[in-house]
Structures are given as C-alpha cells and as structure tokens.
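Remarks on the structure that follows.
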Amino acid sequence: DTNCNNLQTHYAENFDLLIPPSTGCVTVTNNTSDAQKWITSNTAPKSVPSSMYIYKNASAAMNDWFFTPGLSLTGGITYNVNFYYRSGGGPSVEKLEVKWGISASSTGMTGGQLWNNSNIQTTTYTLATVTVAPSATGTYYIGWHGYSAANMSYICIDNITVDAALLT
C-alpha cells in the first residue's frame, strides 16, 4: 500500500516496488548517527529486486531500527508476524531483535521483545514467525533492531507480513 497514513490490519512488504535506497512507508532511525542505516538495497534480496539492508560500521556497534507503518490491531486477537532474515555470513556474527509498541521509535517499543537472534551467521534466508497479541485495540508498530558489534558484515530483511492468526 502506497498510502503510509492508511492504518492496516493486514501488512505485507517485500520492498520490491521501491527504488533503493528508498524505504517507502517504513520509518528508519539511525541511533548511532553514523553513515550506516537501514535502506533498501539490491544486495542479496529474498524476492528480487530489493530487501531492507544494513551494512556494518567498521568502528561503531550497530544500533539502528526500522518500523512498520502504524498497524490497526484489535485487542484480544493474535497476529502472526513473519519475515525472512540473513547475514553476509561467518565468521561475522550479526544480531537482530524484533519488538513492538506504540510508536515508531526505540523508546516506543513498549510491548516488548517478540524475537531475538544474537548469532546470525547464515547467508541463506531463514523464516522467522512470531506472534503479537495486544490487550487493547489501537495503533501499534513493529520494529527491527540491528545491534551487532562493530565491523561485522550486513543484515537483510525481506518479505514481511502481519496478519491475524487463523483459528484451527
């Protein structure tokens, strides 16, 4: 959806319609204030031609985020959050966590951690699936936080979806 102000109950982003380095409707924060931040890139996408990508800083640890647009989620409903991730490969170790909260900022991730992997060394895309179940209806954001040590490699994220979980 190209209307970033349109709150959605279904969210899907594969970054393929964006011309790098545009980030479209996602919000990016560069908490280290360095030259490296999340951008779209043609480097190693899961679905061609683009993915979200962040490259290493040779001298500073990574501390950068990107966030979904505001999602209109219903209290008491469980939502699946799916995404694919990979790194530039070993021996570098990349670190990534996913949180959720009430605003598109690191301090707004008040809902807590949904997922964490502090040992990403694979060049093969891996599917991560987590759930979020807000207690109250409202607008929420999901954030991806790269927090790797200095001078590692890179992280790619692709094919994000957020949908209400189906009851079986």
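A few points about this structure:
- Kirkwood Rh and Cα Rg combined as Rg/Rh, the stretch 63-115: 1.02
- Accessible surface of the chain [probe 1.4 Å, protein heavy atoms]: carbon and sulfur percent: 50
- Relative contact order for the stretch 67-168, counting Cα pairs under 8 Å that sit 6 or more residues apart, in percent: 46
- Residue separation of Ala61 and Asn42 scaled by 0.36 nm, minus their Cα-Cα distance, works out to 4.5 nm of gained length.
- For the chain, the cysteines with no partner cysteine C-beta closer than 4.7 Å are Cys156.
- P(r), alpha carbons of the chain - 5 Å bins starting at zero, rounded %: 2, 9, 19, 23, 22, 15, 8, 3, 1, 0
- Accessible area per residue for the chain, computed on protein heavy atoms with a 1.4 Å probe, is 46 Å².
The values are calculated or read from the model by the stated rules, or taken from the named source; none is laboratory data. Just so it is clear, the model here is predicted, and its values are computed rather than measured. Glycine gets a Cβ as well: all are built from the backbone with ideal geometry, and neighbour counts include every protein chain shown. These area figures cover heavy atoms from the full protein model, side chains too; ligands, DNA and RNA do not enter into them. Shrake-Rupley method; radii C 1.70, N 1.55, O 1.52, S 1.80 Å.
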